[in-house]
Ligand code: ADP
Ligand code: ASP
Ligand code: MG
């Protein structure tokens, strides 16, 4: 008997018919003798619908009080889907109970809309499992020390599931979604993308942090920290397929590098359309400039991603960086108010129509010329590179948003990702 955590995403929970299918699948696992914890997302579209209603009524720049209410609101989506799943499980003849994050409890910090899980008290859940119940726990949400409901950021149900699996030392965490695993790139952008049978933890971490939304980055971090066996698989296979076949399907995230395996140089391509670029023009080129600009941004709790500073000319330089699009307006306002006057810069300009495209692969550690091949491919397509950022196992470029799909497809082909691994 094993303790297994299943997570079902929004599309997988998208209608009563699909919820019934999820219940049948979970019942199959429970009847095979496993203790089951299930973490559902809100039904597809529900979180967007709720946040859209808030937008209609909101005014001014978002602050903590506002964000607290957004979490009160958005968390209801998962509460509804969890109760519906428990009802469906009961209809399958199982004993089932659902809990909201605050009931479990899933304890988080108080960073509304992007809270981090700090600990999970699993006593109640264990008692239910030992009493033979299937336990359904809401994804995406938790509770802070003051008793406020918090949410974990978009896509956060992945993190709920992995954190619960880690806390309960589950034998495996299975992330059921609307694709049948992790692909070489988003199969909705490149139809020739291939499913990877395994992907290393480090590559998955890079892919998630660079924008592949198949797993929320924090879920991968949790899996790495607590060595949670993690698999991504499809919820759209018939619920009654053989359980052993199902248990081996999809993509396994692996923690050990297999020395016998020939590592592909590039194993995946990620892209991110959620960033915007800000340039501070004509900055005096002297010590302390980066600190002056980015310190002000950091003080406002705005995360910065890619950064470049141009060569100086006549003692002046241009300084550019990217932020999340949601923070773009706030960052520009802040720089105009605080940095422009004190720094003596010429102007602040921005561009929200950019995207970041990245190639990822452990093999990049031991191969040279990978980045230059990427630049060549983009130049052959006539795509201008605005910014570049590299690390040991990835190279990212910022380009005009309108070339995103072209860039992804050209790179996918150039690095032979459409070909089966040798
Ligand atoms: P869920 O609602 O189940 O959490 P998401 O929409 O959050 O599902 O994540 C699954 C989606 O991630 C897929 O439908 C796919 O479009 C997208 N995706 C992006 N990159 C990849 C990738 N490398 N492999 C598989 N899917 C990817
Ligand atoms: N329902 C939340 C969202 O749409 C969390 C999730 O689906 O993982 O972002
Ligand atoms: Mg998701």
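The values are calculated or read from the model by the stated rules, or taken from the named source; none is laboratory data. It should be emphasised that the depicted structure is a prediction, and the values quoted were computed from it without experimental measurement. Cβ sites come from the backbone with ideal geometry, for glycine too, and all protein chains shown count toward neighbours.
Among the residues making up the stretch 46-81, those that are over 27 Å from residue 166 (Cβ atoms) and within 16 Å of ligand 2 (Cβ to nearest atom) are 48, 49, 50, 51, 52, 53, 54, 55, 73. Within the stretch 25-58, the set of residues being within 21 Å of residue 248 (Cα to Cα) and crowded, with 16+ Cβ neighbours inside 10 Å comprises 25, 26, 27, 28, 29, 30, 34, 35, 36, 37, 38, 39. Consider the stretch 314-332 and keep the residues that are part of a strand (DSSP E or B) and more than 23 Å from the chain's Cα centre (by Cα). The one that is surrounded by the fewest Cβ atoms within 10 Å (Cβ to Cβ) is 316.
When each of 14, 77 is tested for being in contact with a helix residue (DSSP H, G or I) (Cβ under 8 Å, 6 or more places away or on another chain) and within 16 Å of ligand 3 (Cβ to nearest atom), the lone residue that passes is 77. Within the stretch 156-179, the set of residues being within 24 Å of residue 3 (Cβ to Cβ) and part of a loop (DSSP other than H, G, I, E, B) comprises 156, 168, 169, 170, 171. Step by step: first the residues of the stretch 1-24, then only those that are away from ligand 1 (no atom under 14 Å from the Cβ) and outside any helix (DSSP H, G or I), then the one that is nearest to residue 82 (Cα to Cα). Which residue is that? Top of the filtered list is 5. The single condition among (1) surrounded by fewer than 23 Cβ atoms within 10 Å (Cβ to Cβ); (2) touching a residue at least 60 places away in the same chain (Cβ under 8 Å); (3) within 16 Å of ligand 2 (Cβ to nearest atom) that residue 213 does not meet is (2). Residues in the stretch 187-228 that are part of a loop (DSSP other than H, G, I, E, B) and in contact with a helix residue (DSSP H, G or I) (Cβ under 8 Å, 6 or more places away or on another chain): 189, 190, 192, 193, 214, 215, 216, 228. A count restricted to the stretch 149-186 and to residues that are away from ligand 1 (no atom under 14 Å from the Cβ) and touching a helix residue (DSSP H, G or I) at 6+ places or on another chain (Cβ under 6 Å) stands at 5.
For (1) at pLDDT 95 or above; (2) in contact with a helix residue (DSSP H, G or I) (Cβ under 9 Å, 6 or more places away or on another chain), each residue gets a yes or a no:
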site: 361; (1), (2): no, yes
site: 390; (1), (2): no, yes
site: 398; (1), (2): yes, no
site: 413; (1), (2): yes, yes
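When you scan the stretch 187-196, do you find a residue that is surrounded by fewer than 22 Cβ atoms within 10 Å (Cβ to Cβ), more than 28 Å from residue 406 (Cβ to Cβ) and away from ligand 2 (no atom under 16 Å from the Cβ), even just one? No: zero hits. Just checking, does the stretch 28-45 include any residue being more than 18 Å from residue 97 (Cβ to Cβ), more than 18 Å from the chain's Cα centre (by Cα), in contact (Cβ under 8 Å) with a residue 60 or more places away in the chain and away from ligand 2 (no atom under 12 Å from the Cβ)? Looking for residues that are more than 18 Å from residue 97 (Cβ to Cβ), more than 18 Å from the chain's Cα centre (by Cα), in contact (Cβ under 8 Å) with a residue 60 or more places away in the chain and away from ligand 2 (no atom under 12 Å from the Cβ), one finds at least one in the stretch 28-45, hence yes.
Listed here are the residues, each with its yes/no results for (1) under 25 Å from the mean Cα position of the chain (by Cα); (2) touching a residue at least 60 places away in the same chain (Cβ under 8 Å); (3) within 16 Å of ligand 1 (Cβ to nearest atom).
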position: 56; (1), (2), (3): no, no, no
position: 63; (1), (2), (3): yes, no, no
position: 67; (1), (2), (3): yes, no, no
position: 76; (1), (2), (3): yes, no, no
position: 81; (1), (2), (3): yes, yes, yes
position: 91; (1), (2), (3): no, yes, no
position: 95; (1), (2), (3): no, no, no
position: 100; (1), (2), (3): yes, no, no
position: 106; (1), (2), (3): yes, no, no
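Remark: pairs (first residue in the stretch 308-325, over 12 Å from residue 284 (Cβ atoms); second residue outside any strand (DSSP E or B); Cβ separation under 6 Å; 6+ apart in sequence or on different chains) = 323/302; 323/331; 324/274; 325/274; 325/352.
The residues of the stretch 243-282 that are modelled with pLDDT of 95 or more, surrounded by 14 or more Cβ atoms within 10 Å (Cβ to Cβ) and closer than 15 Å to residue 199 by Cα, listed by number, are 249, 250, 251, 252, 253, 268, 269, 270.
Taking the stretch 139-151 as the range and being in contact with a strand residue (DSSP E or B) (Cβ under 7 Å, 6 or more places away or on another chain) and either within 16 Å of ligand 3 (Cβ to nearest atom) or touching a residue at least 40 places away in the same chain (Cβ under 8 Å) (or both) as the test, the residues that pass are 139, 140, 141, 142, 143, 149, 150, 151.
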